[in-house]
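Undergrad: My questions will all concern the structure given below.
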Amino acid sequence: MFYLYYTIFLLLLYNVLLLYAKADEPIIPSFATTPPMGWNTWNKYGCAIDHHLIQQTADAMVSEGYLAAGYNYLNLDDCWQSNNRTDNGTIVIDPLAFPFGIKPVADYVHSKGLKFGIYSSAGRKTCAGRMASLEYEKNDAKSYSDWGVDYLKYDNCNYDEGVPAPLRFRHMRDALLQTGRDIFFSVCTWGVENTWEWAPEMGHSFRTHDDIYNDWQSIVDILQVHSQVVHLGGPGHWADPDMLEIGNGVLSIDESITHFSIWSAMKAPLILGNSLTNQDPLGKPALRIRHIKEDQDVWGGPLSNNSMVVVIVNYKPYPQNITVDISTELGYADGYARELWTQDEINLVNSSSIITQTLRPHACAMYKLTHGYLIHNLTTSITPSNNPSVTTTMTSNTNKQQGTEIPTIRYEAEGLNNLVQGLARRKGCALCSGGAYVMAIGNVNRPQTGTLIYRNITASLGPGEYTMRINYLDCFSWSTCGDFFTRRWHLRIRVNNGEPYWISLKSKRNPTITSDYSIGIVLDKQENNEIIFDDPNAYGPSIDYIELTPHTPLNQHQYVVQRYQQEGSSNVFELSFWESGDPLATTRLTRVLADFFWELLFIVICCALILRTLLLLYKHRHRLSYYKKL
Ligand code: GLA
């Protein structure tokens with residue numbers, strides 16, 4: 001009971017803090033009119049940084065033309081700090097990497113005509129374990145201003161007091177504003193706590209996904225989530241799918257060109273010195289207007305001077321022809337289409353508006369459409385709700401049960417209507433339904449449990465009992481596969497205002513497998529039912545989707561809800577032995593029997609063999625003593 005009150009208290013506190021965090025926000029200076037461009041230490045060097053590296057990079061950015069091409073930020077990422085502060089709260093800089101401090105480094109960068117960026121975290125420690133800024137926001141903002149910092153990447157690692165990210169980030173935003181210096185504020189929250197709902201007013205850019213890795217699949221995964229929220233970015237508040245990995249030795253030339261083309265069309269911050277192009281001043285992100293999983297994409301977006309950008313991508317591992325109708329799909333007529341990488345030009349006035357492009361595996365074509373005119377507005381015709389893969393959807397599945405058609409509704413975990421709190425976050429995933437899932441549910445970082453809240457569940461056949469099939473992923477990227485000893489995930493379920501209910505889900509210890517578990521729930525409202533998944537005490541699984549099917553015949557629905565409301569019985573209930581998908585899950589004893597079957601069998605066989613040997617020895621003890629005498 002204590003835990004229940006404690007949890008309710010934490011939830012109330014969380015919501016009050018959230019309200020407070022959202023209220024009365026000063027407007028950030030809107031100097032970031034185009035997405036920032038520059039270079040950052042992390043993807044290539046991690047913690048292996050020092051002042052020589054920064055000086056050499058500053059020199060190269062000027063001599064090799066990056067600055068002239070618009071790449072004007074040189075940003076230090078994690079690991080410039082030590083693990084300490086002085087007695088008056090000033091951060092101590094890593095004395096080996098930066099023996100003369102940060103100011104001379106910033107001065108050198110400025111002397112080259114570049115801007116200087118730095119990194120910290122809204123926690124006790126940075127992600128790499130160095131000293132971070134929580135509760136020292138004012139001290140640190142002052143140091144940054146004294147050193148001449150122009151850009152702060154502010155991360156979300158290592159906080160454990162349950163304070164929501166909007167509040168922690170607001171403290172730093174306000175501290176930066178108070179310095180009076182124009183400092184670009186990059187919110188690095190990886191999409192947690194529905195970042196896009198609060199961060200556009202908080203910072204000049206906001207991360208929407210977990211870290212990029214140096215491989216093609218990571219790019220595909222990021223696009224699954226980023227494409228849903230890219231339209232929320234714009235001048236002064238850029239949606240950030242993370243930095244570029246081009247030139248780090250893994251992506252092929254075609255993959256690198258595609259990575260760069262989509263990032264620039266999406267108006268993403270282009271952080272890492274590479275291709276020489278500038279960003280369009282209109283600052284409208286391109287939208288994903290066609291997506292066929294593991295097959296192809298078409299992105300389109302308006303540019304200044306009545307122009308438009310189009311990116312066509314081949315996701316297949318072999319070449320294919322992709323056709324785009326410029327007038328019907330992109331709403332652009334006449335003029336020219338120039339391919340930006342090959343400079344080939346197509347005259348759209350005389351020829352048809354159809355472009356067909358043969359693309360190598362993972363390659364793209366990037367066209368700029370000019371000298372024509374817009375027939376219809378892209379931003380109004382393409383919204384994320386048109387994409388059934390991520391927003392909450394109703395599948396047309398029907399099950400035959402008791403002679404009637406029973407509708408099944410599937411709700412993707414990553415649907416944008418859901419609230420994802422704590423460290424839980426949406427993540428792209430090739431094997432998942434809708435191409436993404438929600439990871440880090442449960443007690444990943446006590447007591448800020450990662451929480452997935454479905455906010456708009458519909459009772460398809462009216463209030464009543466429903467079977468909820470939970471489709472979960474066995475492990476997530478931190479190579480965690482459930483409780484080590486029990487081999488189980490734990491999940492707390494709350495439906496509307498009902499009592500919490502714990503279930504235990506089998507882990508197959510294999511990140512490439514999705515599993516199912518079904519449980520019964522009572523939905524007592526027609527619309528906007530709420531289902532919350534979390535666990536304050538243990539790791540939960542990653543959730544791909546849930547599916548709801550009416551459990552009781554229609555004519556009994558009203559009766560079930562009345563009984564539930566009158567008797568105050570739980571609104572989560574176990575299904576029959578076989579319906580759950582894990583028939584032995586209900587009691588601890590049956591779980592142990594099922595989960596450790598082979599180990600138990602092995603122990604039984606060993607015991608039997610030992611017993612048999614002892615019996616044999618006992619039986620033949622006379623013969624043994626006879627041999628001894630001989
Ligand atoms: C987080 C960020 C990365 C990088 C590292 C540094 O993971 O998302 O971009 O800054 O921290 O530790």
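The numbers here are math on the coordinates, done by the rules we state, and not lab data. Remember, predicted model here, so these are calculated numbers, not experimental data. Note that each Cβ is placed from the backbone with ideal geometry, even for glycine, and that neighbours are counted across all protein chains shown.
Undergrad: Which shape class, rounded, prolate or oblate, goes with segment 57-211 when its Cα gyration tensor gives a ≥ b ≥ c as root eigenvalues, a/c under 1.5 marks rounded, and past that a/b bigger than b/c marks prolate?
TA: oblate
Undergrad: So what's the back-of-envelope 222 nm ellipticity for the chain, counting only DSSP H runs of four-plus at -39500 (n - 2.57) apiece and dividing by all residues, rounded to 500?
TA: Rounded to the nearest 500, it is -8000 deg cm²/dmol.
Undergrad: Moving on to the next point. Would you be so kind as to identify which of Ala265, Asn248, Ser218 lies farthest towards the positive end of the dipole of segment 191-320, taking Lys and Arg as +1 and Asp and Glu as -1 on Cβ and the Cα centre as origin?
TA: Ala265
Undergrad: Sticking with this structure for a sec: Run the dipole for segment 104-228 about the Cα centre, Lys and Arg Cβ at +1, Asp and Glu Cβ at -1, nothing else charged, and hand back the magnitude in debye, nearest 20.
TA: Here the size comes out at about 380 debye.
Undergrad: Enumerate the amide H contacts of Tyr545 below 5 Å, restricted to partners 5 or more residues apart or on another chain; note that Pro and chain-start residues carry no placed amide H.
TA: Counting only residues 5 or more places away or on other chains, the set is Ala413, Asn471.
Undergrad: Taking the Cα centre of the chain as the origin and placing charges on Cβ (Lys, Arg +1; Asp, Glu -1), which of Gly331, Leu431, Ser576 is farthest toward the positive end of the dipole?
TA: Most positive-ward Cα: Ser576.
Undergrad: Between Asn417 and Ser252, what is 0.36 nm times their sequence separation minus the Cα-Cα distance? Round to one decimal in nm.
TA: So the extension gain works out to 55.8 nm.
Undergrad: For a footprinting-style exposure proxy, rank Met439, Met243, Met131 by other Cβ within 10 Å, fewest first.
TA: So the ranking, lowest neighbour count to highest, is Met131, Met243, Met439.
Undergrad: Another question, if that's okay. What number, in percent, do you get for the relative contact order of segment 202-275 if the mean sequence gap of Cα pairs under 8 Å and at least 6 apart is divided by its residue count?
TA: Relative contact order comes out at 34 percent.
Undergrad: Pop out the ³J(HN,Hα) list for segment 312-324 in order, Karplus 6.51 cos²θ - 1.76 cosθ + 1.60 with θ = phi - 60°, rounded to Hz; leave Gly and Pro as x.
TA: Per-residue couplings from phi come out as 10, 10, 9, 8, 6, x, 9, x, 8, 8, 10, 10, 10 Hz.
Undergrad: For segment 408-522, state what percent of all Cα-Cα pairs lands in each successive 5 Å bin, counting from 0 Å until the bin that includes the largest distance.
TA: So the P(r) values, bin by bin, are 2, 10, 19, 26, 23, 13, 5, 1, 0.
Undergrad: Please work through the chain and write down the cysteines that have no neighbouring cysteine Cβ at a distance under 4.7 Å.
TA: Cysteines lacking a close Cβ partner in the chain: Cys188, Cys364, Cys606, Cys607.
Undergrad: Next question, about the same structure. Does segment 263-342 come out rounded, prolate or oblate by the C-alpha gyration tensor, with a ≥ b ≥ c the root eigenvalues, rounded set by a/c under 1.5 and, if not, prolate when a/b is larger than b/c and oblate if not?
TA: oblate
Undergrad: Got the relative contact order for the chain handy, in percent, Cα pairs under 8 Å and 6 or more residues apart?
TA: In percent, rounded to a whole number, it is 9.
Undergrad: How do the peptides 180-193, 584-597, 295-308 rank, highest first, by the average count of neighbouring beta carbon atoms within 10 Å per residue?
TA: 180-193, 295-308, 584-597
Undergrad: So if I average 1/r over every pair of distinct C-alpha atoms in segment 72-149 and take the inverse, what Kirkwood radius in Å does that give?
TA: Every distinct Cα pair counted, the radius reaches 12.7 Å.
Undergrad: Another question, then. Could you size up the charge dipole of the chain around its Cα centre, putting +1 on the beta carbon of Lys and Arg and -1 on that of Asp and Glu, and report it in debye to the nearest 20?
TA: 2500 debye
Undergrad: Measuring from label point to label point, each 7 Å out along Cα→Cβ, what is the Ile292 to Lys508 span in nm?
TA: 2.9 nm
Undergrad: Using θ = phi - 60° and the Karplus form 6.51 cos²θ - 1.76 cosθ + 1.60, what ³J(HN,Hα) does each residue of segment 574-587 get, whole Hz, x for Gly and Pro?
TA: 5, 8, 5, 2, 8, 5, 6, x, 8, x, 9, 6, 6, 10
Undergrad: Return the FRET efficiency for the residue pair Asn83, Trp341: r is the Cβ-Cβ distance, R0 is 51 Å, and the value is rounded to the nearest 0.05.
TA: So the FRET efficiency works out to roughly 0.65.
Undergrad: Relative to the Cα centre, what is the charge dipole magnitude of segment 83-164, using +1 at the beta carbon of each Lys and Arg, -1 at the beta carbon of each Asp and Glu, and rounding to the nearest 20 debye?
TA: 240 debye
Undergrad: Another question about this same structure. Between rounded, prolate and oblate, where does segment 55-116 land on the alpha carbon gyration tensor, with a ≥ b ≥ c its root eigenvalues, rounded for a/c under 1.5, else prolate if a/b exceeds b/c?
TA: Note, shape of segment 55-116 comes out prolate.
Undergrad: Quick one: if the Förster radius is 45 Å, what FRET efficiency do Leu282 and Phe100 give, using the C-beta to C-beta distance and rounding to 0.05?
TA: Efficiency for this residue pair is about 0.60.
Undergrad: What's the local net charge at Lys316, with K and R +1, D and E -1, over the other residues with C-beta under 15 Å away?
TA: -2
Undergrad: Please work out the FRET efficiency for the pair Thr33 and Gln562, using the Cβ-Cβ distance as r and a Förster radius of 51 Å; give the result to the nearest 0.05.
TA: E(calc), rounded to 0.05, equals 0.30.
Undergrad: Now for a separate question. Expressed as cubic angstrom per residue, what is the convex hull volume of the alpha carbon set of the chain?
TA: Output value, Cα hull per residue: 253 Å³.
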